[in-house]
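Right, one structure below, let's go through it.
Taken together, the values in this text are just the output of simple stated rules run on the coordinates, not laboratory data. All figures in this text were calculated on a predicted structure; none of them were measured in a lab. Every residue, glycine among them, receives a Cβ derived from its backbone with ideal geometry; neighbour counts consider all protein chains shown.
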Amino acid sequence: ILAASMFPGIALVTPLFQLFGDLGWIGTYRAMIIPNISFALPLTIYTLISFFQQLPWELEQAARVDGATRGQAFRLVLLPLAAPVIFTTAILAFITTWNEFMLARQLSTTATEPVTVAIARFSGPSAFEYPYASIMAAGSLVTVPLIIMVLIFQRRIVSGLTAGGVKG
């Protein structure tokens, strides 16, 4: 897992561009979804493994004694305990993917580009003028959904971030 996140993103742009070009995926949503999932997986796996390793094994055993299967014990006992951590991990992965610019700039076309790339393509009336006010306004508007989401779910995010911090 750590080996996958060892390489800087810029070192992966050219190989991914060549691979997706050979597959005919440049300008498709697949070309952006697959790398973003693979870049988010190390963070999510590392966070979730560290939390689930700290859960007492006796909780699952008690559910098994009560007649639950292994899947039911996970779904009915462990998953509700892990909900804040799962939610926090999902938020962090979403924000990381939302802010990704480098691959989106290289692998998308104007039809499939995310809003971050579209903002970067703003141009003024001439090649030497940039509409800084419009770019800043668009950048501010793009962050509004993230800010609203974090404000709404702030309690869950904080409880998820601190869930694995204390041994009990």
Express the relative contact order of the chain as a whole percentage, based on alpha carbon pairs under 8 Å and six or more residues apart in sequence.
30
Options GLY24, GLN53, THR89, ranked by Cα towards positive dipole end of the chain, top entry (Cβ charges):
GLN53
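Would you mind working out the magnitude of the charge dipole of the chain relative to its Cα centre, with +1 at each Lys and Arg C-beta and -1 at each Asp and Glu C-beta, to the nearest 20 Debye?
Working: 9 positive and 7 negative charges, 60 e Å.
With only Lys, Arg, Asp and Glu charged at Cβ, the dipole is about 280 debye.
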If the chain between ILE152 and TYR46 were fully stretched, how many nm would it gain, using 0.36 nm times the residue separation less the Cα-Cα distance?
35.6 nm
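Determine the calculated [θ] at 222 nm for the chain from helices alone, applying -39500 (n - 2.57) to every DSSP H run no shorter than 4 residues and normalising by the residue count; nearest 500 deg cm²/dmol. Show your work: numbers first, answer last.
Values: 9 runs with 115 residues, N = 168.
Calculated mean residue ellipticity at 222 nm is -21500 deg cm²/dmol.
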Spin-label model distance (nm) - ALA118 vs GLN18, 7 Å beyond Cα toward Cβ:
3.3
Rounding to the nearest 10 and keeping the result within 0 to 90°, find how far the Cα-based axis of helix 30-54 lies from the longest principal axis of the chain.
30
Output wanted: per-residue J couplings in Hz (rounded whole) for region 9-25, from phi through Karplus 6.51 cos²θ - 1.76 cosθ + 1.60, θ = phi - 60°, x for Gly and Pro.
x, 5, 6, 9, 5, 5, x, 5, 5, 5, 4, 5, x, 5, 7, x, 9
Taking only the Cα atoms of the chain, how large is their convex hull per residue, in Å³?
167
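Report the longest stretch of the chain that contains none of the trypsin sites (Lys or Arg not before Pro) sitting in a DSSP loop with at most 11 other Cβ atoms within 10 Å.
On the way: sites that count: ARG121, LYS167.
Result, exposed sites excluded: 1-120.
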Return the loop-located GluC sites (Glu not before Pro) in region 53-151 (DSSP other than H, G, I, E, B) with at most 15 other Cβ atoms within 10 Å of their own Cβ; answer none if there are none.
GLU129
